[in-house]
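Here's the structure we're looking at; comments come further down.
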Amino acid sequence: MLRPQFVLFGDSLTQRSFDEGGWGGRLASEYQRKVDVINRGYSGYNTRWVKHIMPMVFPVSQKIPPELVTIFFGANDAALPDRLSARQHVPVEEYRGNLLSIVQHVQSLGTKDIVLITPPPLDEAARIRHNQQQDEEVSEATSIPERTNSFTSEYAAAAKQLANELGLPVLDLFTEIPKQKAWQTEYLEDGLHFTPAGNKAVFDLLLETIRKDLPHLRAEELSDDFPSHRDIDETDPAKSFVSHA
């Protein structure tokens, strides 16, 4: 008996989601014994690069498609084209097209439930401090942010618009996170990546999205993969598992 799979597909904000207190690890805990939550996060990747590995991450030969896929890209695509992280930049229209290609590939496997997650907002001052700490010498390149909220907002809007057009749930982190007090310092450790508190916020918002838009995937609606130990017949254990074979 195979458990259903939730696949988390994204960049470093997904890759690091299984760190202590991470939103992906919290999701795995929420669905323990019900779902295998699989981390497919690729630090530094943008949607242009990830298209080349998509057929291997989601092979068409997979017999049972994921029950749910989260698609969480944009933080790297939105790197400014003339600054420190220019190599990661993807124009917003291409980003939108790449997201559509990813969604269509996942849907071609038979997966119906997909959640698009927008890139989160930034603390631009913290990004400058972080970049300067990475370089021994402060240069012109590290004195200005390599990402900005005004630019990232275009990518968040594109992801949200695409989700709405496709009728998919969307978790709009760019809008939701700034609603919290002191989010720049409480939720972001380097102006971009999440602190434990930021991860908790992402988890809570994702769970809320699932409960609202995909109620059939709420943890309480799913069964454990095998019977509780309390239901095992100690005199004839085998018969307790017949229906699960």
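No value in this document is a laboratory result; all are computed from the given coordinates. Since the model is a prediction, treat every value here as computed from it, not as a measurement. Note that each Cβ is placed from the backbone with ideal geometry, even for glycine, and that neighbours are counted across all protein chains shown.
Things to note:
- Cβ-based exposure ranking for 175, 235, 70, in which fewest neighbours within 10 Å come first: 235, 175, 70
- Relative to one another, the C-alpha centroids of segment 188-221 and segment 19-86 are positioned 14 Å apart.
- For segment 32-39, the Karplus equation 6.51 cos²θ - 1.76 cosθ + 1.60, evaluated at θ = phi - 60°, returns couplings of 4, 6, 10, 9, 8, 8, 10, 8 Hz by residue, with Gly and Pro reported as x.
- Cβ-Cβ distance of residue 229 and residue 63, R₀ of 30 Å, FRET efficiency by 1/(1 + (r/R0)^6): the value works out to about 0.50.
- Phi angles across segment 190-196 convert, under the Karplus curve 6.51 cos²θ - 1.76 cosθ + 1.60 with θ = phi - 60°, into 3J(HN,Hα) values of 9, x, 9, 8, 7, 7, x Hz, Gly and Pro given as x.
- Ranked by how many other Cβ atoms sit within 10 Å of their own Cβ, fewest first, the residues 64, 38, 71, 117 fall in the order 64, 38, 71, 117.
- Fewest neighbouring Cβ atoms within 10 Å first, the residues 57, 69, 115 line up as 57, 115, 69.
- Proximal lysines to residue 63, defined as alpha-carbon separation beneath 25 angstrom and excluding residues fewer than eight positions away on the same chain: 34, 51, 112
- Antiparallel %, DSSP beta bridges [both residues in the chain], to 5: 5
- Spin-label pair residue 185/residue 161, simplified geometry with 7 Å Cα→Cβ offset, distance in nm: 3.6
- Shape category assigned to segment 1-75 from the gyration tensor of Cα positions, a/c cut at 1.5: oblate
- Inter-label distance, nm, simple model (7 Å from Cα along the C-beta direction), residue 221/residue 43: 3.6
- Potential lengthening between residue 112 and residue 243 on full extension [0.36 nm per residue; Cα-Cα distance subtracted]: 44.5 nm
- At q = 0.15, 0.17 Å⁻¹, base-10 log of I(q)/I(0) for the chain (Debye sum, equal scatterers on each alpha carbon): -1.03, -1.28
- MRE, 222 nm, helices only [DSSP H, n ≥ 4, -39500 (n - 2.57), over the chain, to nearest 500]: -10500 deg cm²/dmol
- Kirkwood hydrodynamic radius (C-alpha pairs) into Stokes-Einstein, segment 52-172, 37 °C and 0.692 mPa s, D in µm²/s: 208
- Lysines whose Cα lies under 23 Å from that of residue 181, excluding same-chain neighbours fewer than 8 positions away: 200
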